[in-house]
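Starting off with a structure, shown below.
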Amino acid sequence: MCIKSVFKDYERKDMSIEDFKRLSPYFRLVGSVVLEGWGESLLHPQLLNFIRIVKEEGSLAGFVTSGYGLTEDYIKELLKVGVDFLGFSFSGAKASTHQAIRVNSDFEKMVWSIRYFRELSKSLNIRCPKIHIVYLLLKENVEESPMIIDLAKSLGIKEVVFLNIIQISSKEQDEMKVFVYEGESPYEDILLESKRKASSYGIKLFMPSLISREVSTCPENPLRSLYISVNGDVSPCVYLNPPVESQFVRIFKGEANKMEKVVFGNLFCESLNAVWSREQFRVFREAHKEREEAKKRLFESLMNFKLSSECRLPPLPLVCQNCHKIYGL
């Protein structure tokens, strides 16, 4: 299910601390910095220093992880440096399922890590980072989705995020998805059970649609966030700049589309203001802004029992028209 299994020209690279420091003046301008791209954050040798730099600028710092490499000492250091949020990526509610999908990730060790974070922070009287579970929905594990809610309850976790596989680049990945473009997904009842469980436990569950329904604004929110690659390139979101050569494959409705990476500038060569105000980037954001405003007009017209052609959603930027995110998936 990983992009690395498909693209042979996948670029394996860590951002240097020198380059990271060049970005630090911008951290004070944002609410949070998510320290991840297309790899495992815990494997970066400077992760603790990166967190320190972000927090020195007054922003929140965190990442999503498979838990690979977590030890007692590493957890102590993460607590000491003050990491603010952590997402643990599960791909099964049982060890056998999880480890078959996320090769080299240890299910029991992840569960232990979450418990140790909570226990150690309490014993040391240190604020525990906000911990949530991220669960990738695939045909192999969707039946266990209600069980992951049980696991969250047992671990004292109050937030669970279900995700679909979004960047589909091969026939094998396409066959893994649990969502459909038309009709009904056979897994709706299973996720409804998960939703009921979460509600009864007081757990906040974020869940994508299993049926394609166009939404006004992408959940990646290009109006308020951006993605900076290891090379300093600025893109609207991570899905428009995978670490491969210029073109990459995106499968949508069974059709393989050759996509160009979308980069609006580079923060190692120019200022954020220069990139943000660039005409191409402005036009991209304006398209999403117009859709958000059209959504508000549509809501107001429905409240007034009036519906006009002006309430239709404006067209998407071309590069977003075949992205699963904009269809609620």
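When you look at V103, is it assigned to a strand (DSSP E or B), at negative phi and open to solvent by 10 Å² or more (accessible area, probe 1.4 Å), yes or no?
The answer is no for V103.
If F63 passes every condition in (1) over 16 Å from V81 (Cβ atoms); (2) under 19 Å from the mean Cα position of the chain (by Cα); (3) not in a loop (DSSP other than H, G, I, E, B) but one, which one does it miss?
It is condition (1) that F63 fails.
Looking at this structure, is S246 out of contact with any helix residue (DSSP H, G or I) (no Cβ under 9 Å at 6 or more places or on another chain), open to solvent by less than 30 Å² (accessible area, probe 1.4 Å) and in contact (Cβ under 8 Å) with a residue 12 or more places away in the chain?
Details: out of contact with any helix residue (DSSP H, G or I) (no Cβ under 9 Å at 6 or more places or on another chain): yes; open to solvent by less than 30 Å² (accessible area, probe 1.4 Å): no; in contact (Cβ under 8 Å) with a residue 12 or more places away in the chain: yes.
No: the conditions fail for S246.
Specify which of the listed residues (L48, L79, L86) is in a helix (DSSP H, G or I), out of contact with any Cys (no Cβ under 8 Å at 6 or more places or on another chain), of a type in the set (A, V, I, L, M, F, W, C) and modelled with pLDDT of 95 or more.
The unique qualifying residue is L48.
Tell me, please, whether a residue that is at pLDDT below 95 and closer than 23 Å to M1 by Cβ can be found in the stretch 220-228.
yes
In the stretch 31-60, how many residues are among the aromatic types (F, W, Y) and more than 19 Å from the chain's Cα centre (by Cα)?
Total satisfying the criteria: 1.
Further question on the same structure: Which one of these does L70 not meet: (1) at pLDDT 95 or above; (2) open to solvent by less than 20 Å² (accessible area, probe 1.4 Å); (3) hydrophobic (A, V, I, L, M, F, W, C)?
(1)
Would a scan of the stretch 120-127 turn up a residue that is touching a residue at least 24 places away in the same chain (Cβ under 8 Å), under 26 Å from G37 (Cβ atoms) and not acidic (D, E)?
Here is the first cut: in the stretch 120-127, the ones touching a residue at least 24 places away in the same chain (Cβ under 8 Å) are 120-121, 124, 126-127.
Filter again for under 26 Å from G37 (Cβ atoms), leaving none.
The answer is no, given that none of the residues of the stretch 120-127 is touching a residue at least 24 places away in the same chain (Cβ under 8 Å), under 26 Å from G37 (Cβ atoms) and not acidic (D, E).
Could you check the stretch 218-236 and list, in sequence order, the residues that are surrounded by fewer than 17 Cβ atoms within 10 Å (Cβ to Cβ) and either among the aromatic types (F, W, Y) or under 17 Å from the mean Cα position of the chain (by Cα) (or both)?
Those that are surrounded by fewer than 17 Cβ atoms within 10 Å (Cβ to Cβ) and either among the aromatic types (F, W, Y) or under 17 Å from the mean Cα position of the chain (by Cα) (or both): P219, N221, L223, R224, S225.
For the stretch 310-329, name all the residues that are open to solvent by 80 Å² or more (accessible area, probe 1.4 Å) and at pLDDT below 70.
Scanning the stretch 310-329 gives a single hit, E310.
Say we look at the stretch 1-38 and pick out the residues that are in a loop (DSSP other than H, G, I, E, B), basic (K, R) and at pLDDT 80 or above; which of these is surrounded by the most Cβ atoms within 10 Å (Cβ to Cβ)?
Filtering first and then ranking leaves K13.
Could you check G58 against (1) assigned to a loop (DSSP other than H, G, I, E, B); (2) open to solvent by less than 20 Å² (accessible area, probe 1.4 Å) and say which number it fails?
(2)
Also, quick follow-up: Of the residues F284, F268, F264, only one is crowded, with 16+ Cβ neighbours inside 10 Å, of a type in the set (F, W, Y) and touching a residue at least 60 places away in the same chain (Cβ under 8 Å); which?
F284
The values are calculated or read from the model by the stated rules, or taken from the named source; none is laboratory data. Predicted model, so just to flag it, every value in this text is computed and none were measured. Cβ atoms come from the backbone with ideal geometry, glycine included; neighbour counts cover every protein chain shown. What goes into the accessible areas is simple: the full protein's heavy atoms, side chains included, and nothing from ligands, DNA or RNA. Shrake-Rupley method; radii C 1.70, N 1.55, O 1.52, S 1.80 Å.
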